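Only one structure is covered here, and it is reproduced in the block below.
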Amino acid sequence: MDLLLQQISAAADYLRALSFEQPRVGVVLGTGLGELIGHIKISHSIPYHQIPHFPESTVESHKGQLILGHIGDTPVIAMQGRFHYYEGYTMQQITFPIRVMKALGITQLLLSNAAGGMNTAFKKGDLVLLDDHINMQPENPLRGLNSPVFGPRFPDMSRPYDPALGARLQAAAASHDAEMKTGVYVSVMGPNLETRAEYRFLRMIGADLVGMSTVPEVIVANQLQLPCAAVSVVTDECDPDNLHPVSIEEIIAVAGMADKKLSSVFATVIKGL
Ligand code: HPA
């Protein structure tokens, strides 16, 4: 635990030494979703491997750099590429950047991801605001010794996604003529996509969307009492009764098509924070 605290301090100190002002908003960009970077007046782009104790992204579609800059007047810190459990990292590694961003002073966190749409009302390219989640990953980032610095041992999860941030995202989407649905996200380990029987099961337990990320970061954000919101881009339609094969290339391509819309919505919200 002390080691983790020291590592967080070392990473935060390294970033503070770049003498960028205190970031207000943290952003985690999901698979194929990097266009928000184009909205940032960039002060620093730092490859993850230069930051002490940061894991390195192993997935090609994830760039692996931390961006410091401004959107409007709002100082932001954005992760271009995140870490997934299926890459072999521990949950503590996956969520390390969230703790570092919080140590730097962010007061809000926005996350995006690419997800399979199991709700038949969802179509490829749709934006869906997460209203709640189900954690089906085999591990929890809060397992093990807990420091009071992080927050409570047993964090409340009755409202894991901040309603006020969610309302801002909905309003921003409306201002861009982009429809934003809402749904429940289930996180699985991956990296394989699901079988028809698994989609049927995940739908039955109450999930509208399935993906391989986000939930560990959101659990840690909740423990840190850091308000967060997350938006999924539906990259494939997962109707078990009419399932078509899907490849990661297609998932990335569909995410790319919705990226502009999502990035405009995020930028609008961030400017107002
Ligand atoms: N399943 C799991 N993760 C995903 C999917 C999916 O269908 N699509 C995008 N990420």
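The values are calculated or read from the model by the stated rules, or taken from the named source; none is laboratory data. A quick note: this is a predicted structure, and the numbers were derived from the prediction, not measured. Don't worry about glycine lacking a Cβ; one is built from the backbone with ideal geometry, like all the others, and counts go over all protein chains shown.
The table below lists the values:
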quantity	calculated
Test for residue 215: is it of a type in the set (A, V, I, L, M), under 24 Å from residue 24 (Cα atoms), within 16 Å of the ligand (Cβ to nearest atom) and modelled with pLDDT of 95 or more	yes
Checklist (1) out of contact with any His (no Cβ under 9 Å at 6 or more places or on another chain); (2) in contact (Cβ under 8 Å) with a residue 60 or more places away in the chain; (3) closer than 27 Å to residue 256 by Cα applied to residue 16, failing item	(3)
Residue tally, condition touching a Gly at 6+ places or on another chain (Cβ under 8 Å) and within 20 Å of residue 196 (Cβ to Cβ), over region 229-245	5
Some residue of region 73-92 being on the phi > 0 side of the Ramachandran plot and surrounded by 20 or more Cβ atoms within 10 Å (Cβ to Cβ)	yes
Lone qualifier among 179, 249 - being more than 15 Å from the ligand (Cβ to nearest atom) and more than 17 Å from residue 160 (Cα to Cα)	179
Selection count, region 94-137, where residues are within 16 Å of the ligand (Cβ to nearest atom) and under 17 Å from residue 218 (Cβ atoms)	13
Selection status of residue 206, at pLDDT 95 or above, at positive phi, small (Gly, Ala, Ser) and surrounded by fewer than 22 Cβ atoms within 10 Å (Cβ to Cβ)	yes
